[in-house]
Structures are given as structure tokens and as C-alpha cells.
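Notes for the one structure printed next.
The values are calculated or read from the model by the stated rules, or taken from the named source; none is laboratory data. Worth saying up front: this structure is predicted, and the values here are computed from it rather than measured. Glycine also receives a Cβ, built like all others from the backbone with ideal geometry; neighbour counts cover every protein chain displayed. Areas reflect the complete protein model, heavy atoms only, side chains present, ligands, DNA and RNA absent. Shrake-Rupley method; radii C 1.70, N 1.55, O 1.52, S 1.80 Å.
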Amino acid sequence: MNTASQTIRSTSTLSLISIVALTFFGYLAIGLPLAVLPTYVDSSLGFGVVWAGIAVSTQYVATIVSRAHVGRLCDQYGPRRSVFLGFLAYGLSGALTIASTFTIQVPATSLALLLAGRLALGIGESWVSTAAITWAIGLMGSRETVRIISWNGIATYGGIALAAPFGAWLQGQYGFFAIGVVTIILAVAGFMLAQTRPPVPGVKEKGIGTGQVLSRVAPYGVALALASSGFGVVMAFVALFFHSRGWEGASFALSAFGLAFMGVRLGLAQAVARFGGLPLVRISLVIEIVGLAALAFAPSPTVAIIGAALAGAGFAPVFPALGNEAMERIPPQNRGVALGLYSIFLDVSLGSTGPIAGLFADHLGYAAPFSFGVGAVLLSLLLSFCLRRNGSR
């Protein structure tokens with residue numbers, strides 16, 4: 001064990017916070033436009049609800065493409081390089097967002113620049129978040145995987161919870177232009193923080209092939225993808241749902257989702273150790289289903305906000321609990337690749353949920369995406385029982 005590892009272990013919580021803060025800066029940038037982007041594309045640019053869903057989901061296309069690559073880069077060269085490149089992508093996203101606001105009189109050009117910025121945002125997300133988890137595991141050891149992924153998720157949705165209402169305020173005060181400016185500021189701050197963290201070297205020993213890694217991760221990834229549809233519809237359609245009902249407070253529904261998520265994640269490592277990953281996932285999926293159903297049939301904004309909070313609380317354990325089950329089957333030399341491949345299932349889910357649920361919304365109304373989410377999460381619940389029955393545990 002090297003000196004850096006000993007130092008990190010002696011102050012584990014503070015050190016973990018210092019690493020997941022990298023993810024926090026990234027997800028502040030991701031959360032800024034969430035409450036306003038769908039309405040901006042739908043109303044200000046005039047492209048309708050389907051394109052609004054595509055605009056939210058576009059970043060996940062780049063995330064999907066770049067996940068496995070960043071995993072290999074982390075395994076071979078260590079995670080610091082990936083974090084640096086990720087924050088450069090965040091900065092590019094901010095610049096493209098600013099450029100899109102100068103061409104709003106030509107809506108097609110403005111949308112193209114906005115979508116390019118969303119692609120850059122997706123690259124930044126995958127490179128920073130995957131590398132931050134790999135960085136923390138390299139410093140603290142694989143036995144801390146659940147806690148590391150859990151705290152990384154707290155940083156993720158904490159960033160969204162804080163940034164969503166702030167982004168709405170920014171647009172109201174200064175226009176969509178301000179979101180691009182703040183994104184660049186966050187990218188610079190994250191880049192500077194990464195320079196202060198102790199590095200983790202790459203692993204030179206050869207592990208198993210990528211195909212073998214994927215086959216071991218896939219059952220847990222599919223369950224994750226289905227469960228993540230609930231997250232996807234909340235992020236993409238809460239703002240439009242509130243707007244269609246003439247309600248205020250869409251940003252608070254997003255915040256309720258994020259805050260509930262964080263509250264559950266704080267004690268998740270102990271819960272997984274006590275009850276096991278799969279049993280905890282099953283209970284959580286039931287809670288997520290209840291929350292999505294409450295959103296779909298909400299008679300008031302208060303009920304909708306409560307439903308969003310339940311959906312967040314239910315979704316919270318899914319990624320780390322299933323991820324820990326999957327990582328136990330992967331050698332250390334392939335940890336980055338495995339994490340990247342596992343995360344791709346989340347990205348595919350979020351990238352496809354927006355357009356698919358947008359079609360439901362276009363034909364059946366803005367409550368329909370949440371009913372779609374209920375069905376997807378129910379399938380995940382059924383699959384979670386098949387994992388044990390098939391001997392995957």
C-alpha cells in the first residue's frame with residue numbers, strides 16, 4: 001500500500017468527498033438546464049414535445065459511445081487524465097450553449113448548436129463520473145465500492161437538486177445564455193480541483209476480455225436500465241407535465257427527487273451489508289413504482305412533488321446495489337471497463353426513454369410517460385427475482 005493510499009484511508013470520509021466533488025461540479029452543470037430546457041425547445045424554439053425529449057436525451061448518446069473508452073483509459077493510465085478531458089468537454093458544452101443563444105432567430109441552427117452542446121455535456125458526464133468512481137476505488141479499495149458509488153450518486157443528484165431551481169432562476173433573470181456561462185465556470189472549477197487530488201496509477205496486468213466482462217455485467221445492467229426509465233421520465237417530463245397542468249413548482253419536483261435520493265444514499269452501504277443487494281433493490285423498485293404512479297395520477301402539484309420524492313428514494317439504491325453485485329465478479333484489472341459497461345445500460349435507458357416516452361406524451365398526454373415508467377420498473381422488479389433463480393448471485 002502506497003503513502004497516498006494510507007493517507008486516504010486515515011481520513012476516508014473527507015477524502016471521498018474530495019473525489020466525488022468532481023462529480024458534483026459536473027452534475028451542477030448537467031442540472032442547470034433540466035427545469036427549463038424542455039420548455040425552451042418546445043416553446044421558445046418551437047420544435048414540439050418530441051424534440052424537447054430528444055434535447056434532454058441527446059447527451060446520453062455521447063455518454064453511451066464514450067463510456068467503454070473512458071473505462072479502458074482509466075484502467076491503463078489512471079483516472080486523472082479522464083477527469084481533465086471530461087471537464088474540457090463541459091467547457092465546450094457551455095461555449096456551444098452560449099453560441100446557440102446568438103442564433104435563436106434561426107431556430108434550426110440554434111437547435112443544432114444546442115444539441116452539439118448536449119453531446120459535449122454527455123462526454124463530460126461519462127468521463128468525469130466514471131473516472132471519479134474509479135479514482136476513489138483505486139485510493140480506498142474495492143471493499144468500499146458501495147459507499148463510493150453511493151456517495152458519488154449523492155454528488156450526482158445533489159448537483160441536480162441544487163442546480164435545477166438555480167437554472168430556472170438564471171434563465172428568468174438573464175436568459176438561457178447565462179446557463180452556458182455558469183457551465184464554463186463549473187468546468188474550470190472542476191479542472192482546478194482535479195489537479196489537487198492524489199493520482200492513481202493504471203493497472204498494467206492484463207485482465208479478462210471485454211466480452212467476458214460484458215457477459216458478467218449484463219444481467220445487472222439490464223435490470224438497471226429498466227429501473228432507470230423511471231429516472232428518465234422524471235427528468236425529461238416533469239417540467240412539461242407541470243406546464244400542461246398550469247402548475248408552478250416543476251423545479252421543486254426535481255429537487256424533491258434529488259433530495260430523497262441523497263437521503264437514502266447516505267445510509268446505503270450499511271443497508272446493503274445488512275440485507276444484501278438484491279433484496280434491497282426489490283423493495284426499492286416497489287417504492288419507485290408507487291412514486292411514478294403518484295406522478296401519473298397526481299391531482300395537485302403537492303402530490304406530484306411527493307411522487308417525485310418517492311421515485312427518487314426508490315431509485316437511489318439500484319445503481320450501487322446492483323453495481324456492487326456485478327463488480328464482485330470482475331478482476332481489478334478490468335474495474336474501469338466493467339464500470340463503464342455497466343453504466344452504458346443506464347445511458348441507453350436514459351437516451352431512449354426521452355424519445356419513446358415523448359411519443360406516449362404526444363398521443364396520450366403528459367401523464368403517460370410516468371405510466372410508461374411504471375411498466376419498465378415493474379419489468380426490472382421481475383428480472384431482479386430471476387437473477388437469484390438463475391444463479392447469478
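What does the extension gain come out to for Q76 and L14, with contour length at 0.36 nm per residue minus their alpha carbon separation?
19.6 nm
So if I restrict to the alpha-carbon atoms in region 232-296, what is the Rg, and what is Dmax, the biggest pairwise distance, in Å?
Radius of gyration, then largest Cα-Cα span, for region 232-296: 14.4, 45 Å.
I need the calculated FRET efficiency for the pair Q270 and F385, taking r as the beta carbon distance and R₀ as 30 Å, to the nearest 0.05.
About 0.80, to the nearest 0.05.
For the pair R245 and S300, how long in nm is the line joining their label points, each one 7 Å along Cα→Cβ?
Roughly 1.1 nm, to one decimal.
Using the Cα gyration tensor of region 154-309, with a ≥ b ≥ c the square roots of its eigenvalues, what is the shape: rounded (a/c below 1.5), prolate (a/b larger than b/c) or oblate (neither)?
Oblate, since a/c reaches 1.5 and b/c is not below a/b.
Give me Rg over Rh for region 1-155, both radii from the alpha carbons and Rh done the Kirkwood way, two decimal places.
1.07
What does the accessible area per residue of the chain come to in Å², with a 1.4 Å probe and no ligands, DNA or RNA counted?
About 37 Å² of surface per residue is accessible.
Write out the GluC sites (Glu not before Pro) in region 287-393 meeting two conditions: DSSP loop, and at most 10 other Cβ atoms within 10 Å of their Cβ.
Loop-located and lightly packed - none at all.
Per the 1.4 Å probe, what fraction of the accessible area of the chain, in percent, lies on carbon and sulfur atoms?
67
Packing-wise, with mean Cβ within 10 Å as the measure, how do 187-195, 219-227 rank, highest first?
Ranked by mean Cβ neighbours within 10 Å, highest first: 219-227, 187-195.
Students often check this: by mean Cβ neighbours within 10 Å, which of 68-78, 252-262 ranks highest, and how do the rest follow?
Sorting 68-78, 252-262 by mean packing, highest first, produces 252-262, 68-78.
With all protein chains present, calculate the accessible area of E144 using a 1.4 Å probe and round the result to the nearest 10 Å².
Approximately 50 Å² for this residue.
Between rounded, prolate and oblate, where does region 175-246 land on the alpha carbon gyration tensor, with a ≥ b ≥ c its root eigenvalues, rounded for a/c under 1.5, else prolate if a/b exceeds b/c?
oblate
HN-Hα J couplings of region 53-58 from phi, Karplus 6.51/-1.76/1.60, θ = phi - 60°, integer Hz, Gly and Pro as x?
Per residue, the Karplus-derived 3J(HN,Hα) values read x, 5, 4, 5, 8, 4 Hz.
What three numbers, in Å, describe the spread of the alpha carbons of region 298-349 along their principal axes, ordered from the longest?
On the principal axes, region 298-349 reaches 51, 19, 10 Å in Cα extent.
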